[in-house]
Amino acid sequence: SVGAEAIVDREIQSPRPLAEIVSGVTDSNTREQMYVLAFAVVRADEGVSGAERIFLGQLAHALGLGPEVTARLETDAARSNRLCI
C-alpha cells in the first residue's frame, strides 16, 4: 500500500554493486544500521544460509566493519528480534 513493491522490483531488476550502494556512507552508526538491516532481511526465515553469510561478509567488508563489530551487531539484532516476537 506504500508503493514498496515497485521500488523493490526496480532494485531487483537493476542490481548495483555493494561498493556503489555503500559509497559515501561515512557515519559509523549508519554503516552499522545498514549491516543490521541486511542481517534482519537474510535472517527473516530464522537462519542464514552459506550464500547469505558470504553476502554479509562482503557487505561488512564494504562497510569497513570488522568481525568483532558484526558479531556484536548480529547478537544484538537476534536478541532484539526474540524480544519482539
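The values are calculated or read from the model by the stated rules, or taken from the named source; none is laboratory data. Every value quoted in this text rests on a predicted model; they were computed, and no experiment measured them. Glycine also receives a Cβ, built like all others from the backbone with ideal geometry; neighbour counts cover every protein chain displayed. Accessible surface areas use protein heavy atoms only, side chains included; no ligands, DNA or RNA. Shrake-Rupley method; radii C 1.70, N 1.55, O 1.52, S 1.80 Å.
Sort out which residues of the range 15-50 are open to solvent by 70 Å² or more (accessible area, probe 1.4 Å) and in a loop (DSSP other than H, G, I, E, B), and write them in order of number. Scanning the range 15-50 gives PRO15, ARG16, PRO17, SER23, GLY24, THR26, ASP27, ALA44, ASP45, GLU46. What about VAL48, is it closer than 18 Å to SER80 by Cβ and without any contact (Cβ under 8 Å) to a residue 12 or more places away in the chain? Criteria met by VAL48. May I ask you to verify whether ILE12 is assigned to a helix (DSSP H, G or I), within 26 Å of SER80 (Cα to Cα) and open to solvent by 80 Å² or more (accessible area, probe 1.4 Å)? Taking the combined requirement at face value, the residue does not satisfy it.
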